[in-house]
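S.K.: To start, I am sharing the structure in question, which I have written as structure tokens.
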Amino acid sequence: MGKLNKSLELYEQSLQIAKENDFLERQSYILFSIGRIYRRGGNLDKAWDSQSKSLDIARKCGYIKGQIRP
């Protein structure tokens, strides 16, 4: 779990920088990646929360790469 924790720490730092600079697309990407780390570590609730936030931001800014369209 050590590498996952380090990855999570670095993504959290990246997320903070993206928020400070209003980089919405980057925030969406980082949150999605954080969700993947949580999922890999078995924390499905946090994974769901992070990836849901990612999708909300993606929709808000029109960044829909990888989004399934109806």
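The values are calculated or read from the model by the stated rules, or taken from the named source; none is laboratory data. All of these numbers come straight from a predicted model, not from anything done at the bench. Don't worry about glycine lacking a Cβ; one is built from the backbone with ideal geometry, like all the others, and counts go over all protein chains shown. For the accessible areas, the whole protein counts, side chains as well, though only heavy atoms, and no ligand, DNA or RNA atoms are used. Shrake-Rupley method; radii C 1.70, N 1.55, O 1.52, S 1.80 Å.
S.K.: Among the residues of region 4-52, what is the count of those that are farther than 21 Å from residue 63 by Cα and assigned to a helix (DSSP H, G or I)?
M.R.: 15
S.K.: A further question follows. Among 3, 19, which is the only one that is open to solvent by 100 Å² or more (accessible area, probe 1.4 Å), within 13 Å of the chain's Cα centre (by Cα) and free of Cβ contacts under 8 Å to residues at least 24 places away in the same chain?
M.R.: That would be 19, the only listed residue that is open to solvent by 100 Å² or more (accessible area, probe 1.4 Å), within 13 Å of the chain's Cα centre (by Cα) and free of Cβ contacts under 8 Å to residues at least 24 places away in the same chain.
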